[in-house]
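Asker: For reference, the structure I am asking about is given below.
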Amino acid sequence: MKKKTMKLTRKIQVVIDLPTAEERKEALGKLYGWQDRAYRTANLMVSHLYVQEMIKDFFYLSEGIQYKLADEQKDEAGILQTSRMNTIYQVTSKRFKGEMPTNIISCLKASLYSTFKKNQDTYWRGESSLMNFKKDMPFPFTTEGMSKLEYDPEKKVFCFRLFKIPLKTYLGRDYSDKWRLLQRVSQGELKLCTSHLQLKDGKTFWLAVFELEKEAHKLNPGVIAEVSLSLEYPIVVKVGKVRHQIGNKEEFLYRRLAIQAARKRAQLGATYSKSGKGRKRKLKAVDRFRQKEKNYIRQRLHVYSRRLIDFCIQHQAGTLMLMHQEDKIGIAKEEGFVFRNWSYGKLLTKIEYKANKAGIEVIVC
């Protein structure tokens, strides 16, 4: 049975809502401290899970060593004093007790254990390496760690407390969608799930996760939209006898190549750029064009995927089938130019997300 709800993540900038600079500095120091402990906790948890999983391969240990990963109170052959999931919680909570809220540790324990179990076969075969977390990783927290979200009419912002630290939102220019979601949460119409907080580049971001119902459309699962992705035409969709092309090579590729050429010129001219703050100032123009390319591609892929889903809804197609993609990916990998400029993975991700939101099933073949 298909789920009637889905989770939607929005990146919202937040600011510490305290009157004096000293209070804000102290609160910000707490947040940075929690983020530091969170990334260390995540690495410790993953390391302990890996050792527990691979202990059977430690053939050089004495023969008297037992290998069964179970609670010794429930199984005589067990080597653990508690459940396996609780071991990683105990290790990290003892080490960082009082340095971070236990709510963060509990969230990390649940998410990392679930992810590790999904990937444990690839770890055992040596096909992938362990997850490695960096200092700027976002740390999770549940709604228990934050007080009720409310709209302040005087400040004209949404305010809440995260572990007793007052925060207020800064929605920027494109605030309509985020404002509506936060308003529905404050009115009790929408549910907040486990979210994250990230401190990066001098700013604080709240990665809010909302649980909302999928869009209701009259769709027929028997009506199949056959979709083909390529560089010549980003998306070609066919429903019955109706065939529709979304975007074209000139529209998508021309602007991207123009931005790449401008960035190349900026790289050549960076040698003669004014210095004074080292590498960052010299490459300022290069970084600006690199970000322009990312923004342009993101915007175009959003437009293409939106047009595709609207086309499927218009023709009541309940199933979206991506045709012959494995062959095209293999061809693209052989040609460096195509592989560099196709952006297939990002486009597929956006199509799957929007299709899931509209209640359309996606099949890749």
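The values are calculated or read from the model by the stated rules, or taken from the named source; none is laboratory data. Just so it is clear, the model here is predicted, and its values are computed rather than measured. All Cβ positions, even for glycine, are placed from backbone atoms using ideal geometry, and neighbour counts span all protein chains on display. Calculation scope for accessible area: heavy atoms of the full protein, side chains included, ligands and nucleic acids excluded. Shrake-Rupley method; radii C 1.70, N 1.55, O 1.52, S 1.80 Å.
Asker: Which one is farthest from the chain's Cα centre (by Cα), of the residues in the range 210-227 that are closer than 29 Å to Phe163 by Cβ and open to solvent by 20 Å² or more (accessible area, probe 1.4 Å)?
Answerer: For the range 210-227, the residue satisfying everything is Leu212.
Asker: Could you figure out which of (1) within 30 Å of Lys148 (Cβ to Cβ); (2) over 24 Å from the mean Cα position of the chain (by Cα) isn't true of Val239?
Answerer: With respect to (1) within 30 Å of Lys148 (Cβ to Cβ); (2) over 24 Å from the mean Cα position of the chain (by Cα), Val239 is out only on (1).
Asker: In the range 192-209, what residues are small (Gly, Ala, Ser) and surrounded by fewer than 17 Cβ atoms within 10 Å (Cβ to Cβ)? Explain how you work it out, then say what you get.
Answerer: First pass over the range 192-209, keeping only residues small (Gly, Ala, Ser): 195, 202, 208.
If the condition is that a residue be small (Gly, Ala, Ser) and surrounded by fewer than 17 Cβ atoms within 10 Å (Cβ to Cβ), then Gly202 is the only one that fits.
Asker: Please state which of the following conditions Pro19 fails to meet, knowing it meets all the rest: (1) modelled with pLDDT under 90; (2) under 16 Å from Ile165 (Cβ atoms); (3) in contact with a Lys or Arg (Cβ under 9 Å, 6 or more places away or on another chain); (4) not aliphatic (A, V, I, L, M).
Answerer: (3)
Asker: Further, regarding this structure: Any idea which residue in the range 226-274 is modelled with the lowest pLDDT, counting only those that are among the β-branched types (Val, Ile, Thr) and in a helix (DSSP H, G or I)? So that I can check it myself, show each step before the final result.
Answerer: Taking the range 226-274 as the starting set, the residues that turn out to be among the β-branched types (Val, Ile, Thr) are 227, 235-237, 239, 242, 246, 259, 271.
Filter once more, keeping what is in a helix (DSSP H, G or I): 259, 271.
On the way: Ile259: 87, Thr271: 77.
In this case the residue turns out to be Thr271.
Asker: Oh, and also: If you take the residues in the range 150-185 that are open to solvent by less than 100 Å² (accessible area, probe 1.4 Å) and among the acidic types (Asp, Glu), which one is farthest from Leu31 (Cα to Cα)?
Answerer: So the residue we want is Asp177.
Asker: If you go through the range 109-126, how many residues are of a type in the set (Gly, Ala, Ser), assigned to a helix (DSSP H, G or I) and more than 18 Å from the chain's Cα centre (by Cα)?
Answerer: Summing the residues that are of a type in the set (Gly, Ala, Ser), assigned to a helix (DSSP H, G or I) and more than 18 Å from the chain's Cα centre (by Cα) in the range 109-126 gives 0.
Asker: So which of Gln35, Gln52 is under 15 Å from Pro140 (Cα atoms) and either open to solvent by less than 60 Å² (accessible area, probe 1.4 Å) or not hydroxyl-bearing (Ser, Thr, Tyr) (or both)? Explain how you work it out, then say what you get.
Answerer: Details: Gln52 fails: under 15 Å from Pro140 (Cα atoms).
After ruling out the rest, the residue left standing is Gln35.
Asker: Quick one: count up the residues across the range 87-111 that are at pLDDT below 85, among the polar types (S, T, N, Q) and open to solvent by 40 Å² or more (accessible area, probe 1.4 Å).
Answerer: Adding up the residues that qualify gives 1.
Asker: So, one more: I'm told Ser114 meets every condition in (1) surrounded by 14 or more Cβ atoms within 10 Å (Cβ to Cβ); (2) modelled with pLDDT of 85 or more except one. Can you identify the failing condition by its number?
Answerer: So the condition that Ser114 fails would be (1).
Asker: Checking the conditions here, which among Glu251, Glu226, Glu293 is closer than 30 Å to Gln35 by Cβ and of a type outside the set (Phe, Trp, Tyr)?
Answerer: The unique qualifying residue is Glu293.
Asker: Modelled with pLDDT under 85, in contact with a Leu (Cβ under 9 Å, 6 or more places away or on another chain), outside any loop (DSSP other than H, G, I, E, B) and closer than 26 Å to Thr9 by Cα, is that true of Lys350?
Answerer: Spelling it out, it is not the case that Lys350 is modelled with pLDDT under 85, in contact with a Leu (Cβ under 9 Å, 6 or more places away or on another chain), outside any loop (DSSP other than H, G, I, E, B) and closer than 26 Å to Thr9 by Cα.
Asker: Further, regarding this structure: When the residues of the range 143-165 are filtered to those that are among the charged types (D, E, K, R) and part of a loop (DSSP other than H, G, I, E, B), which remaining residue is nearest to Ser195 (Cα to Cα)?
Answerer: Ranking the qualifying residues of the range 143-165, first place goes to Lys148.
Asker: Please determine, by comparing only the residues of the range 228-238 that are within 15 Å of Ile363 (Cα to Cα), touching a residue at least 40 places away in the same chain (Cβ under 8 Å) and not hydroxyl-bearing (Ser, Thr, Tyr), which one is surrounded by the most Cβ atoms within 10 Å (Cβ to Cβ).
Answerer: That would be Leu229.
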